[in-house]
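One structure is given here, and the rest of the page talks about it.
We did not get these values from a lab; they are worked out from the coordinates using the rules stated. Note that the coordinates shown come from a computational prediction; the quantities given were computed from them, not determined experimentally. Positions of Cβ are generated from backbone atoms using ideal geometry, with glycine treated the same way; all protein chains shown enter the neighbour counts.
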Amino acid sequence: MTRVLEFIVAAVLVAVLFVIVGLVLPSERTVSHTVETNRPITVVYDVVNSFKRFKDWSPLTQKDPRITYTASGAEVGEGASLAYNSRNRDVNQGSWKIVSSTPQEQVVYDVENDARGQDKTMTFDLRKTGRNGRNVEIKQTYHVDYGFDLFGRYAGMYVDRTVGGDLKRGLENLSTMLTTIPRFDYSVLPRPVQVVDVAQRNALVVPTNAPRNNDGMILAVENNLGWIERVMESNDLVADGPLRLVTTEYGAENYAFDLVQPVRRLADGEEAPEQATASRDEDEGEDGEENGDGQATAMTGDEEQPLVTLPANYAAAERREPLPELESLDIELAGPVLLRRTYEGRAAMTVYVGHPAGLPAIRDQIRAWLLVHGEETQGRPFDEYLLGAAKSFAPDSEFAVYWPIKTPGQPDWVEPEPIGGEQAADADGEDAEEE
């Protein structure tokens, strides 16, 4: 009997000690880790302000590659939510929800999981650092409130090892993922990148290869546009949208592209407009060199770029009439001119005002935006020369820039086979007017 009493007394003492120590332990725990990246703060903020790339850096995916994620609510910012479910006991199920976003400064998540505690939050604080603020410090902080849950308070003694380890791995993954995104700040674009639906059109096409300099580009466009205009005139065709350059390869010395002119038949009583070829303006730059921000130096310096007015028949304009089959057009082609249908589907799009030498940087900015938002590219990027060929080699030219992207759940777009054509003329080829 004495031993039983001793055991009961000991158990009571242990329980009392457990309660006393538990009450002394902190009711809240906070753990933080930091990492630094050289990507623009816009890129970092957009990555953590949505769940588009969450699975690519979250330590949950490392713990269980077969984990399933279900997004709901807003696509970005406050209200965006992501639920996860796993058979791994270390992961189980839970959710993250963005409850607060301060642009380029802070993103706060509410966290729900099986771990002890309540009012769990995960906060990302962003701060420019390094020389001229070119780097970004990412600080991730986890906070949990255990209240009077004594077992939770004891569990909080190990939060640095459990949650802290996940924070460290997640930040390392995030830093690695950011290195796969081109170092371009798309926030400087005059118009935010948006996803549009590009309508398909019939077009005359000339594959072109030109030196990467102003004179070489103008000569190549002049020569091959001359062939296109000849075919249009002889077949009663008119432009069905701005002239396009579809990039094949942008090399160190040469630029391979397709010169594309969407066309349609003249309507009854309609007169064909006068065609205008590329020209060398006396006041335009030699090579249109670019500065570090991807904008042509021939632009308006620190002045804000004017917004571009898009024509009614630009690439993303809705088609109101069915597109006739290529064969039914009965077009007589000449020289290097091909007849082909243009891209149809989703594309990321923005506008640009400046010298065309700045277009490659604009495409890189779009590609960075796509990678941040978890979109996959397909096909070839293309630019619409909104002012026509004659005015598109000046420092204040206007362009709409597109990068085709895949549609989830649908097959990839395959470029249609062209009709007709001979070997394309290059920058050294003869002019279309010479026979």
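Volume per residue, Å³, of the convex hull around the alpha-carbon atoms of the stretch 26-181?
Values: hull volume 16.6 nm³, N = 156.
For the stretch 26-181, the hull spanned by Cα atoms encloses 106 Å³ per residue.
Given the options 175, 117, 49, identify the residue whose Cα lies farthest towards the positive end of the charge dipole of the stretch 26-181 (+1 on Cβ of Lys, Arg; -1 on Cβ of Asp, Glu). So the residue furthest toward the plus end is 175.
Each residue, residue 325 and residue 34, gets one label point 7 Å from its Cα in the Cβ direction; the gap between the two is 6.7 nm.
Going by how many other beta carbons lie within 10 Å of each one, how would you line up 99, 43, fewest first? Let's see the in-between values first.
Values: 99 14, 43 22.
Ranking 99, 43 by Cβ neighbours within 10 Å, fewest first, gives 99, 43.
Rounded to the nearest whole Hz, the Karplus-based 3J(HN,Hα) values (6.51 cos²θ - 1.76 cosθ + 1.60, θ = phi - 60°) of the stretch 41-58 follow the sequence 5, 4, 5, 4, 4, 5, 5, 7, 8, 8, 9, 4, 10, 4, 5, 7, 10, 5, with x at glycine and proline. For a label point 7 Å from the Cα of residue 160 along Cα→C-beta, name the residues of the stretch 117-147 whose backbone N is under 11 Å from it. No residue qualifies, since no backbone N sits under 11 Å from the label point.
Listed by chain and number, the lysines placed with their C-alpha closer than 21 angstrom to that of residue 55 are 63, 97, 120, 139, 168, 406; residues fewer than eight positions away on the same chain are left out.
At 0.36 nm per residue, minus the direct Cα-Cα distance, what do residue 145 and residue 266 gain on full extension? Give it in nm, one decimal, please. Walk me through the numbers before you get to the answer.
On the way: separation 121, 0.36 × 121 = 43.56 nm, distance 7.22 nm.
Gain on stretching residue 145 to residue 266: 36.3 nm.
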